[in-house]
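Beneath this line is the structure, given in structure tokens, with notes to follow.
Readers should treat all values here as calculations from the given coordinates under stated rules, not as data from a laboratory. Being a predicted model, the structure only gives us computed values, none of them experimental. For neighbour counting, all protein chains shown are included, and Cβ atoms are generated from backbone atoms with ideal geometry for every residue, glycine included.
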Amino acid sequence: MSDAIPTLRGLIRDIPDFPKPGIIFKDITPLLGDPAGLAMAVEVMANPFRKDRVDLVIGAESRGFIFGTAIAQSLSCGFVPIRKPGKLPGETHRAEYELEYGKDVLEMHVDAVRPGQRVLMVDDLLATGGTMSACIEMVRRTGATIAAATFLIELEFLDGRKRLGEVPVHSAIRY
């Protein structure tokens, strides 16, 4: 996997001014469409946690689902989705958060995670840390232990890692 990072970087394209002027969006669509690239991304994100006991992988809508389910399968554990409001049928925890370009809300089933379970938080991108800090807040309400958070991409200049506090962070690609 020594050449994984340059290969993965080559499969990510920049889209300027999306979703608003001044933002350079890191588009992973080409990576997702490349079977070897997708498999490599999953392995790079999952490998640091192979020797840890992980009971569940938790991923936020929507790209956290893509990597989260694949990582859960790779680590032989379950997956819990965190969704946008009104998408889950049962009782939910709810957390509001700020993005680098607005505000949003996420929800997770109250009974999806049990006290004492060890969870790995997954998303494609760590920017300001708003999305992941909201996810972490909900998981902590369940009494579970957060083993770490893993991301394909981290935008270091936005300091999102700081918002995650003491949660260990692994990011495959840093810009």
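Laid out as a table, the results:
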{"item": "Under Karplus coefficients 6.51, -1.76 and 1.60, residue-wise ³J(HN,Hα) of region 141-149 in Hz, glycine/proline x", "result": "4, 7, x, 6, 9, 8, 6, 5, 10"}
{"item": "Once the Cα gyration tensor of the chain is diagonalised, semi-axes √(5λ) in Å", "result": "24, 20, 14"}
{"item": "Cα lying deepest toward the dipole's positive end in region 23-175, options GLY90, GLY165, GLY116, charges on Cβ", "result": "GLY116"}
{"item": "Backbone HN-Hα couplings from phi across region 13-22 [Karplus 6.51/-1.76/1.60, Hz, Gly and Pro as x]", "result": "10, 8, 10, x, 6, 10, x, 8, x, x"}
{"item": "Lysine pairs in region 8-145 with Cα atoms under 25 Å, if 8 or more residues apart or on separate chains", "result": "6"}
{"item": "Amide hydrogen neighbours beyond the local backbone of HIS170, cut-off 5 Å, H modeled", "result": "ALA149, THR150, PHE151"}
{"item": "³J(HN,Hα), Karplus 6.51/-1.76/1.60, whole Hz, each residue of region 78-91, x for Gly, Pro", "result": "x, 10, 10, x, 10, 10, 6, x, x, 9, 9, x, x, 5"}
{"item": "Förster radius 45 Å - calculated FRET efficiency between ARG9 and THR145, Cβ distance, rounded to 0.05", "result": "0.90"}
{"item": "Under 5 Å, built H, 5+ apart or other chain: amide partners of GLU154", "result": "LEU126, ILE173, ARG174, TYR175"}
{"item": "Unit charges on C-beta of K, R, D, E only; dipole of the chain, Debye", "result": "340"}
{"item": "Amide proton proximity set for ILE23, modelled H, under 5 Å, gap of 5+", "result": "ASP17, PHE18"}
{"item": "Net length gained if the chain between ASP17 and LYS103 were fully extended (0.36 nm per residue, minus Cα distance)", "result": "29.1 nm"}
{"item": "Residue-span extension gain [GLU96 to ALA39] - 0.36 nm each, minus C-alpha spacing", "result": "17.3 nm"}
{"item": "Calculated P(r) tail over 20 Å for region 101-175, as whole % of Cα pairs", "result": "29"}
{"item": "Among beta bridges that DSSP assigns inside the chain, antiparallel share in %, nearest 5", "result": "35"}
